[in-house]
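The values are calculated or read from the model by the stated rules, or taken from the named source; none is laboratory data. Predicted, not measured: the structure shown is a model, and the values here were computed from it. Here the Cβ positions follow ideal geometry from the backbone for every residue, glycine too, while neighbour counts run over all protein chains shown.
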Amino acid sequence: MEIIIPIIAAVVGLAAGAGGIFVYNKHNENGGRDKAEDLVQKAKREASEIVLNARREATKITEKNQAEENERRKEWKRTDNRLAERESALDAKLDQLERKTEKLNKEEKELEDLKNEVREIRTKQHEKLEKIAGLSKADARDKLMKMTENDIKQDLAGLIVKEQKEFKHDIDETAQAMLLTAMERMSSEVTADRTVTALKLPDDDMKGRIIGKEGRNIQALQRATGVDVLVDDTPGMIVLSSFDPIRRQVARYALERLMKDGRINPASIEESVAKAEKEIEKEVVRAGEDAAREVGVVGIPREILHLLGELKFRTSYGQNVLLHSIEMAHMAGMIAEEIGADKRTAKTATLLHDIGKAVTHKIEGKHAEIGAELAKKYGMPDAVVHAMAAHHDDIEPTTPEAVIVKIVDALSAARPGARNISAENFAERMRDLENIATSFPGIDKAYAISAGREIRVIVEPKSIDDLSALKLARDIANKIEATMSYPGVIKVNVIRETRAVEYAK
């Protein structure tokens, strides 16, 4: 832009000169030659000044650009110098690294030579020692190991027993505190109600009306309910027999309604059974919803709630299964909260763990497996399905929630008064415990005591030492866990006693 301005000024000067000449010519034509010459001279002078000024301005611009160019050249030269210095420094560092690398390689080679020399010296020493001792290295090691084992065997057995006691004490103390906290916060009836399957007759006349002419009434009742009605087995009682607890309860409700009404005939029987079925259906749905609401679990499918409600009419060793599940769910939630497990998963799995019992008379298989399949079918989470399937060790529990379900199931079933176990089953369990213990070699006697919660095993001291007794106790416990089904914990107590008797005469 600064170069263009002088050029424009020169052009203007030339134009002014041309204008002066034009005016001069005009004045010549009109006779004003002198005046025109003055004007031309004036225009020339002005044009010369403009050109001179333009040259000066161009010179200044040229000098300024030359100075800037010189400055840039100086800056480039300084940059080149800095780069050259850095390059020299890098070359020096590379040379230094190469010298260090050569030194390290040399030292590494010297170190390897020293190692080889040490190995040779050690080999010669071993050969001399083996020659002096008359034993090879392997024989000496075996002999030393046997001597050491004999020396520390008793100390090792005592140390193991001590560590086991301390470890067991700490674990038992922590687990006991956690379980007691949950059990103290959970209050429920000691004995649960049973499902009533026998009805008392008000009089013998009512028995005849229930049977009907040629047995028509009782046959109609059996067809409508699918329940066997026994009127002659127990005096003054009607016994209802069926594997389906819901059908048995429908028959009970229908019979109670018929005996209260007094009018018993096939038509009234069908009507009473239909009303009883509707009443039971409502009661089943209400029982399932109330149980889920009481435990605080939401989002359970309606089909699962229906199966849960049916457990109201199912008992296991005299313990109502629905009340058992509710009790378990409360305890599971407390334990899960104590140990940091998923509280919702633990409560849901414990509440639903026995729903398979509602259909075991319809579907073949174990109730834990059936319940897990039903839960999976109706979209329950995988963690809940796994915990339900593992509560009886049919599969290995792999989550804290699954272990919690297993623990609270044993707690609820094993507490005093929760279940009724027949004397025959009790005696069989005691025999099984003793047979398992005596199946191992070196056993002298075995006694099942404390209602089958402890097995005492007396071993032959010559056959089994103290260290082997520890292993035997663990093996017996493992076999009991693998082959028996029992609530709670069974203590295995292995006793080894050596007596020296002598008589002074």
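Observations, loosely collected:
- Residue within the stretch 316-326 that is in a loop (DSSP other than H, G, I, E, B), at pLDDT 85 or above and surrounded by fewer than 24 Cβ atoms within 10 Å (Cβ to Cβ) present: no
- When each of Ala18, Ala67 is tested for being surrounded by 11 or more Cβ atoms within 10 Å (Cβ to Cβ) and modelled with pLDDT under 90, the lone residue that passes is Ala18.
- Taking the stretch 301-316 as the range and being in contact with a Leu (Cβ under 6 Å, 6 or more places away or on another chain) and not charged (D, E, K, R) as the test, only Leu311 passes.
- Among the residues making up the stretch 471-505, those that are surrounded by fewer than 16 Cβ atoms within 10 Å (Cβ to Cβ) and part of a helix (DSSP H, G or I) are Lys471, Arg474, Asp475, Asn478, Lys479, Glu481, Ala482, Thr483.
- Hits in the stretch 246-292 - residues which are surrounded by fewer than 18 Cβ atoms within 10 Å (Cβ to Cβ), over 15 Å from Ala224 (Cβ atoms) and small (Gly, Ala, Ser): Gly262
- Pick from the stretch 242-288, criterion of a type in the set (Gly, Ala, Ser) and within 51 Å of the chain's Cα centre (by Cα), ranking: farthest from Ile326 (Cα to Cα): Ser272
- Flag if Ala341 is buried (at least 22 other Cβ atoms within 10 Å of the Cβ) and under 24 Å from the mean Cα position of the chain (by Cα): no
- Test: residue in the stretch 391-398 that is in the same structural domain as Thr345 (by TED's automatic domain parsing), modelled with pLDDT under 90 and at positive phi: yes
- The single residue among Glu401, Glu364, Glu369 that is assigned by TED's automatic domain parsing to the domain that holds Ala292, of a type outside the set (Val, Ile, Thr), surrounded by fewer than 23 Cβ atoms within 10 Å (Cβ to Cβ) and assigned to a helix (DSSP H, G or I) turns out to be Glu369.
- Boolean, Arg119 is of a type outside the set (Asp, Glu), free of Cβ contacts under 8 Å to residues at least 60 places away in the same chain, closer than 30 Å to Lys143 by Cβ and surrounded by 10 or more Cβ atoms within 10 Å (Cβ to Cβ): yes
- Looking at Asp204, Asp233, just one residue is loosely packed, with under 12 Cβ neighbours inside 10 Å, at pLDDT below 70 and charged (D, E, K, R), and that residue is Asp233.
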